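Please read the structure below before turning to the comments.
The values are calculated or read from the model by the stated rules, or taken from the named source; none is laboratory data. All values reported here derive from a predicted model rather than from experimental measurement. Cβ coordinates were reconstructed from backbone atoms using ideal geometry, including for glycine residues, and neighbour counts include every protein chain displayed.
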Amino acid sequence: MDIEKIRNDFPMLKTKMQGHDLIYLDNGATTLKPKAVADAIYEYLTCYSGNAHRGDYDLSHTVDTAFENAREDVRRFINAKRVEEIVFTAGATDSLNMVAYGYGLTHLHEGDEIILNVAEHASNTLPWFDVAKKTGAKIVYAPLTDGCVTLEGIKSVTTDKTKIISVAIVSNVMGYVAPVKEIIKFAHEHDIIVVCDGAQSVPHHITDVIADDIDFLAFSGHKMCGPTGIGVLYGKYHLLDETSPTRYGGGSNARYKSNLEVDMKKPPYKFESGTPNIEGAIGLGAAIRYLEGIGMKDIMEREAKLRAYAIEKLKALDNITIYNENGTGAIAFNINNVFAQDGASLFNANGVAVRAGEHCAKLLDEYLGVRTTLRASFYFYNTEEEIDAFVEVCKKGDDFLDAFFG
Amino acid sequence: MRSLDNPLILREIIMDHYQNPRNHGIVDEEGYKKVNMNSETCIDNIDVEVKMNNDIIEDIRFDGEACAISTASTSIMTELVKGKSVEEAKAIHQQYMNMIFEKDYDEDLLEEAIAFKNTHKQANRIKCATIGWNALEELISSKEGE
């Protein structure tokens, strides 16, 4: 992997923050964009701008082709069987809501159980809370082992009432990889549907929905070098067929009559009412081709190396508490005796972007025993030198108010 | 250099109020009116309560989990307005907000609160430096409506 060449692809890496070269370690929130993605969007906006699925003239046909090619890019990237299993959404949150309301609400009955865990993101918790309230279903939490979802934990709370397990493949705070393949195999033996939140896994790992036998998968474009406002809901075709659209409008129906009869199109189109986010889909397609050009295997290896390097450096300091030494994703940590927000400010003053907070996993404090942490999350374009600079800031923890007086 | 311009002194003021916050700890007694302040963008979560005696802020207290900036700014705020009338408190509040948002302000009214005069240089801390003051505004303006 030619890091220098890669870094040249990202215009943001040449910018500054508080007078320092930007060190961007908040990739769990969103990633920076390569020029190829910006160019693809710019090309759509300037060279073939038009609506999709209205193909009465050449221009519209060009748009259709680009839009559907992006769908094929997604299919190939996650190894789905059929391109019709790829639904474009506004992002992982939108996708998870579509499963909860389109599938959960129509399939759950009073007394049914949904298995979650306390490390889940709000997007994979709150839609289920609401669906549980509306259907009379019950939310059950699988216990974590050392912060990680395990098959044993899932098994221990599974009953004959369990209908859905919804789980992040990689936790956005803890960064642990859930054993989804094993969980899904077990779930399917018990006629349980498994919804996977791939927001933190798809950008960083090789995703194979066939090998893992995933029922539903949600992820966002902007966390994998794509634009904001575009995401994906993957569902096995027969499950998408059983899922109700949560929004209705133009483009999703074949015909309807005044007596309320509506004949919906087949998936994925029945979920895509209204003019889609065309530049978003095209941008996501370009992002996927960019990632494929580098190679997901190399990306995984590089990020593992960066993370191990950062952990080793942080462990050598005596003023840092790390909450998830093992794992693949974000590092959750605190500078001892410095409130997370003050810590983030100190990093900001030194040009380092890290996040402070609960990271939208507000039940996790019940597990960690600490409400707020700092989170450093890497992507393949980060370097050892950036991590060194980050660690130097960690050492200044006692002077966190310096940031305030700049 | 005036001591008011010496960052070391301003810094000491903030550290002192962060480590030994004044009027700290909520009392659940009759006569107190309480608001909770928290937001998604800032992770601070604090409660502020006041006890009024007619027009006078007889007592004001706070508690919560918060960063140095919000803890210290709230602590200083409670010292400044305790024993003051609503009108006086509003005037101090106005001067503080003027300072935070880089308008002209009356240093004399703000006393130790001038430690926060550089907040605008770290725009992400404005929320921290105003969270307790916003609670004060909410408490005394809702008081008037009663």
| note | Just one listed residue, out of A:Phe405, A:Phe400, is within 14 Å of another protein chain (Cβ to nearest Cβ) and free of Cβ contacts under 8 Å to residues at least 12 places away in the same chain, and it is A:Phe405
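Only one residue in A:Lys266, A:Lys223 is basic (Lys, Arg) and part of a loop (DSSP other than H, G, I, E, B). Which one? I'd like the intermediate steps shown before the answer.
Values: A:Lys223 fails: part of a loop (DSSP other than H, G, I, E, B).
The unique qualifying residue is A:Lys266.
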| query | Just to be sure, is A:Val87 within 22 Å of A:Asp197 (Cβ to Cβ) and touching a Leu at 6+ places or on another chain (Cβ under 6 Å)? | reply | yes
| request: Can you work out which of the residues in the range B:51-64 that are within 15 Å of the chain's Cα centre (by Cα) and not basic (Lys, Arg) is farthest from B:Gln19 (Cα to Cα)? | output: B:Ile57
| Residue check, A:Lys33 against (1) more than 21 Å from the chain's Cα centre (by Cα); (2) touching a residue at least 12 places away in the same chain (Cβ under 8 Å); (3) farther than 25 Å from A:Phe333 by Cβ, all met but one. Which one? | (1)
| request: Looking at (1) closer than 29 Å to A:Asp130 by Cβ; (2) under 17 Å from the mean Cα position of the chain (by Cα), find the lone condition where A:His107 falls short. | output: (2)
| remark: Of those in the range B:60-99 that are without any contact (Cβ under 8 Å) to a residue 24 or more places away in the chain and surrounded by fewer than 17 Cβ atoms within 10 Å (Cβ to Cβ), the residue nearest to the other protein chains (Cβ to nearest Cβ) is B:Glu65
| message | Which numbered condition in (1) in a helix (DSSP H, G or I); (2) touching a residue at least 60 places away in the same chain (Cβ under 8 Å) is the only one that A:Ala80 fails? | response | (1)
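Just checking, which of B:Asp28, B:Asp55, B:Asp47 is more than 14 Å from chain A (Cβ to nearest Cβ) and either at pLDDT 95 or above or within 13 Å of B:Ile140 (Cβ to Cβ) (or both)? Quick ask: steps written out before the conclusion?
On the way: B:Asp28 fails: either at pLDDT 95 or above or within 13 Å of B:Ile140 (Cβ to Cβ) (or both); B:Asp47 fails: either at pLDDT 95 or above or within 13 Å of B:Ile140 (Cβ to Cβ) (or both).
Unique residue meeting the criteria: B:Asp55.
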| Could we say that A:Ala281 is within 23 Å of A:Asp94 (Cα to Cα), part of a helix (DSSP H, G or I) and in contact with a strand residue (DSSP E or B) (Cβ under 8 Å, 6 or more places away or on another chain) here? | yes
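If we keep just the residues of the range B:119-146 that are without any contact (Cβ under 8 Å) to a residue 40 or more places away in the chain and within 14 Å of chain A (Cβ to nearest Cβ), which is nearest to B:Arg61 (Cα to Cα)?
Let us first name the residues in the range B:119-146 that are without any contact (Cβ under 8 Å) to a residue 40 or more places away in the chain, namely B:120-124, B:126, B:141, B:145-146.
Next, only the ones that are within 14 Å of chain A (Cβ to nearest Cβ) stay: B:120-124, B:126.
Working: B:His120: 26, B:Lys121: 29, B:Gln122: 27, B:Ala123: 27, B:Asn124: 25, B:Ile126: 21 Å.
Restricting to residues being without any contact (Cβ under 8 Å) to a residue 40 or more places away in the chain and within 14 Å of chain A (Cβ to nearest Cβ), the top hit is B:Ile126.
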| note | Within the range A:359-392, the residues that are farther than 22 Å from A:Ser345 by Cβ, modelled with pLDDT of 95 or more and among the hydrophobic types (A, V, I, L, M, F, W, C) are A:Phe380
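With closer than 30 Å to A:Thr46 by Cβ and modelled with pLDDT under 95 as the only criterion, which of A:Gly329, A:Gly274, A:Gly343 stands out?
A:Gly274
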| task | Please go through the range A:132-146 and pick out each residue that is hydrophobic (A, V, I, L, M, F, W, C) and surrounded by fewer than 24 Cβ atoms within 10 Å (Cβ to Cβ). | result | A:Ala132, A:Ala137, A:Ile139, A:Val140, A:Leu144
| remark: Within the range A:43-67, residues surrounded by fewer than 16 Cβ atoms within 10 Å (Cβ to Cβ), part of a helix (DSSP H, G or I) and of a type outside the set (S, T, N, Q) come out as A:Glu43, A:Leu45, A:Cys47, A:Asp58, A:Leu59, A:His61
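Pick from A:Ala132, A:Ala187, A:Ala122: which is in contact (Cβ under 8 Å) with a residue 12 or more places away in the chain and in contact with a Cys (Cβ under 7 Å, 6 or more places away or on another chain)?
Numbers: A:Ala132 fails: in contact with a Cys (Cβ under 7 Å, 6 or more places away or on another chain); A:Ala187 fails: in contact with a Cys (Cβ under 7 Å, 6 or more places away or on another chain).
Within the list A:Ala132, A:Ala187, A:Ala122, the selection yields A:Ala122.
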| Output for the range A:74-107, where each listed residue is surrounded by fewer than 21 Cβ atoms within 10 Å (Cβ to Cβ) and farther than 20 Å from A:Asp213 by Cβ | A:Ala90, A:Tyr101, A:Leu105, A:Thr106
